[in-house]
Amino acid sequence: MKKESFFSKRLQDVSYAIREFVPIAKEVEKTKKVVYLNIGDPLKYDFKTPDYIKEALVKAVRNDKNFYADSQGVLELREAIAERENKNNVSITPDDVLVTMGISEGIMAVFASLLNPGDEVLLPGPAYPLYIDASKFFGAKFITYKCDENLGWQPDIEDLQAKVSEKTKLIVVINPNNPTGSLYEKSTLKKIVDIAAQFDVPIVSDEIYDQIVYEGETTPLASISDDVTVIGLNGFSKLHLVTGWRMGYIYIKSPDEELKNQIYQTILKYLMFRLSAHTPSQFALAEVLRGEQKHVEELVKKLKERRDYVYRRIEEIDGLSAVLPKGAFYIFPKIETKGAWKDDKEFSLKLLKEMGVFVVYGSGFDPTYGKDHFRMVFLPPVEMLEEAMDRIEKFLKKHSG
C-alpha cells in the first residue's frame with residue numbers, strides 16, 4: 001500500500017495555527033525563556049479555579065455522580081443553562097440544550113451534523129481557526145466576510161450580504177470576537193439577522209466570551225432573532241476558569257419547531273458516539289450556574305487592567321497599531337512596518353526564535369483579513385506582559401527599516 005493513500009485525506013489540508021509552533025517553542029526553551037502569549041487559557045498564568053467551583057466538583061464525585069450521563073447532558077445542567085439564557089432574553093427550554101466537551105466539540109458537532117461537501121459557510125474575517133479547519137474537514141468551503149478594522153472590527157454588512165449564495169448553509173458570528181476582541185453593536189447584529197432571514201440561512205452564534213466585556217454589553221443574537229434559526233454556542237472554560245474540564249453547550253432556537261427538532265436530533269446522534277460529557281463536572285457546574293458566581297467581577301477587572309497596559313504599549317511602539325478590544329482577552333495588532341520577514345507567519349516565527357515571544361500569526365485566522373497581524377493574549381500579569389512587550393519592541397527596532 002502506498003503511504004500517501006494510507007492516511008485520511010480529511011486532515012491533509014488542515015492546521016491549527018494557535019498550537020502550530022509549539023514544538024518550535026519547546027526547542028527555543030532549551031536556550032531561552034519563552035513567554036507564551038498564544039493560547040487563551042487563563043489557568044496557564046496567575047488565574048486559579050475558584051475554591052467554591054472546585055468544591056462543587058469534589059461534592060459531585062463524593063456523591064457518586066461518576067456514571068455515564070445522557071448524551072445530551074444531565075437534566076440539572078441543561079435546566080441551569082436554560083435559566084441562564086432566559087435571563088439574557090433567549091427563550092429556550094432544557095430540551096433545546098446539548099452539553100458538549102467544550103465549545104470545540106460543539107463546533108465539530110454542529111458542522112458534522114449540518115454540512116455536506118460543497119456547502120458554503122460564511123465566517124467572520126478573521127475567525128477562530130477551528131471554524132476554518134472544521135469547514136475543510138467536512139468538505140465544505142469557508143468564505144470570510146470582512147470585519148472592518150477601521151470600524152473597530154465590526155462586520156461589513158454589505159460584504160456579508162454579497163457573499164451569501166444558494167450554497168450558503170450557515171452564517172457564523174463570533175461575539176465578542178476571537179481573535180480581535182471586538183464587541184458587535186446591536187444594530188450590526190440586527191442587520192445580520194435580517195440577511196439570514198432574507199436568505200433563510202441559520203446562524204451559528206459563538207458567545208463564549210459574553211461576560212468578559214470591558215465596555216458595553218453583549219447582545220445574545222438569539223434574543224433579537226424571532227424569525228431566524230439560531231444555534232448558540234457557549235461554555236464554562238474561560239469565565240469559570242475550568243479550561244481543563246472541557247465543558248460547553250449548544251442550544252437551538254428556531255421559529256420552525258420541526259427544523260429545530262431535526263437539528264437537535266442530528267447533533268445528538270453525533271454526540272452519542274462519545275457517550276457523554278464528563279458527568280461530575282456537569283453536576284458541579286449546574287450548582288455553580290445557580291450560585292453567585294462571585295469570581296467574575298474580579299476576573300474582568302484584572303483583565304481590563306492588563307488589556308489597558310498592552311494596548312498602551314502597542315500604541316507606543318513604532319511599527320504596530322491595534323484596535324482596543326472591548327471583550328474577550330485577545331488583541332490583534334497590525335504589523336505596520338516592513339522588515340526582515342516576508343509575511344506575518346515569518347514575523348511570528350522569527351519573534352519566537354529570536355526573542356522567545358510566542359504569538360499567533362494573523363493569517364492563521366484568515367489569509368485575507370488576518371494577514372499582516374498577529375494575535376496575542378493579555379492574560380499574564382503585567383510584569384510578564386511588560387517583558388513580552390519589551391522584547392517585541394526590541395525585535396521591531398532590530399529588524400525594521
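The values are calculated or read from the model by the stated rules, or taken from the named source; none is laboratory data. All figures in this text were calculated on a predicted structure; none of them were measured in a lab. Backbone-built Cβ (ideal geometry, glycine too); neighbour counts: all protein chains shown.
Is one or more of the residues making up region 280-295 at pLDDT 95 or above, hydroxyl-bearing (Ser, Thr, Tyr) and within 19 Å of residue 371 (Cα to Cα)?
no
Based on what the data block shows, is residue 44 in contact with a strand residue (DSSP E or B) (Cβ under 8 Å, 6 or more places away or on another chain) and closer than 30 Å to residue 392 by Cα? Walk me through how you get there before you give the answer.
Values: in contact with a strand residue (DSSP E or B) (Cβ under 8 Å, 6 or more places away or on another chain): yes; closer than 30 Å to residue 392 by Cα: yes.
Considered against the rule, which asks whether it is in contact with a strand residue (DSSP E or B) (Cβ under 8 Å, 6 or more places away or on another chain) and closer than 30 Å to residue 392 by Cα, residue 44 comes out as yes.
Tell me the helices (runs of 4 or more DSSP H) entirely within region 1-81 that contain at least 3 residues that are touching a helix residue (DSSP H, G or I) at 6+ places or on another chain (Cβ under 8 Å).
In region 1-81, 17-20, 22-28, 51-62 are the helices (runs of 4 or more DSSP H) which contain 3 or more residues that are touching a helix residue (DSSP H, G or I) at 6+ places or on another chain (Cβ under 8 Å).
Starting from residues that are among the hydrophobic types (A, V, I, L, M, F, W, C) and crowded, with 21+ Cβ neighbours inside 10 Å, keep the ones in region 324-336 and report whichever is farthest from residue 385 (Cα to Cα).
Out of the qualifying residues, it is 335.
Would you pick out the residues in region 82-138 that are of a type in the set (S, T, N, Q) and part of a helix (DSSP H, G or I)?
Listed by number, the residues that qualify are 86, 104, 113, 135.
For region 273-297, which positions are among the aliphatic types (A, V, I, L, M) and within 24 Å of the chain's Cα centre (by Cα)?
Answer for region 273-297, where residues must be among the aliphatic types (A, V, I, L, M) and within 24 Å of the chain's Cα centre (by Cα): 277, 284, 285, 286, 288, 289, 296.
Is there a residue being among the small types (Gly, Ala, Ser), outside any loop (DSSP other than H, G, I, E, B) and farther than 17 Å from residue 112 by Cα anywhere in region 201-216?
Initially, region 201-216 is screened for residues among the small types (Gly, Ala, Ser), giving 205, 216.
Filter again for outside any loop (DSSP other than H, G, I, E, B), leaving 205.
Then keep just the ones that are farther than 17 Å from residue 112 by Cα; that gives none.
Among the residues of region 201-216, not one is among the small types (Gly, Ala, Ser), outside any loop (DSSP other than H, G, I, E, B) and farther than 17 Å from residue 112 by Cα, which makes the answer no.
When you go through 339, 370 one by one, which is the residue that is in contact (Cβ under 8 Å) with a residue 60 or more places away in the chain, crowded, with 24+ Cβ neighbours inside 10 Å and either in a loop (DSSP other than H, G, I, E, B) or touching a Ser or Thr at 6+ places or on another chain (Cβ under 8 Å) (or both)?
The match here is 370.
Do we find that residue 194 is outside any loop (DSSP other than H, G, I, E, B) and surrounded by fewer than 21 Cβ atoms within 10 Å (Cβ to Cβ) in this structure?
Yes; evaluated as a whole, the condition is true for this residue.
Are any of the residues in region 64-74 of a type in the set (Asp, Glu), surrounded by fewer than 18 Cβ atoms within 10 Å (Cβ to Cβ) and without any contact (Cβ under 8 Å) to a residue 24 or more places away in the chain? Steps first, answer last, please.
First pass over region 64-74, keeping only residues of a type in the set (Asp, Glu): 64, 70.
So of that shortlist, the ones also surrounded by fewer than 18 Cβ atoms within 10 Å (Cβ to Cβ) come out as 64.
Applying the additional criterion that residues be without any contact (Cβ under 8 Å) to a residue 24 or more places away in the chain yields 64.
Within region 64-74 (the criterion being of a type in the set (Asp, Glu), surrounded by fewer than 18 Cβ atoms within 10 Å (Cβ to Cβ) and without any contact (Cβ under 8 Å) to a residue 24 or more places away in the chain), the answer is yes, since at least one residue qualifies.
Are any of the residues in region 142-151 without any contact (Cβ under 8 Å) to a residue 60 or more places away in the chain, out of contact with any Asp or Glu (no Cβ under 6 Å at 6 or more places or on another chain), crowded, with 24+ Cβ neighbours inside 10 Å and outside any loop (DSSP other than H, G, I, E, B)?
no
What are the residue pairs meeting all of these: first residue in region 156-171, first residue more than 19 Å from residue 111 (Cβ to Cβ), second residue assigned to a helix (DSSP H, G or I) and of a type in the set (A, V, I, L, M, F, W, C), Cβ atoms under 8 Å, and 6 or more apart or on different chains?
157/192; 157/195; 160/192; 160/195; 161/195
Could you please find all residues in region 75-131 being basic (Lys, Arg) and surrounded by fewer than 22 Cβ atoms within 10 Å (Cβ to Cβ)?
Matches in region 75-131: 84, 87.
When only residues in region 310-323 that are crowded, with 17+ Cβ neighbours inside 10 Å, out of contact with any Gly (no Cβ under 7 Å at 6 or more places or on another chain) and modelled with pLDDT of 95 or more count, which is farthest from residue 245 (Cα to Cα)?
So, considering only residues that are crowded, with 17+ Cβ neighbours inside 10 Å, out of contact with any Gly (no Cβ under 7 Å at 6 or more places or on another chain) and modelled with pLDDT of 95 or more, the one farthest from residue 245 (Cα to Cα) is 317.
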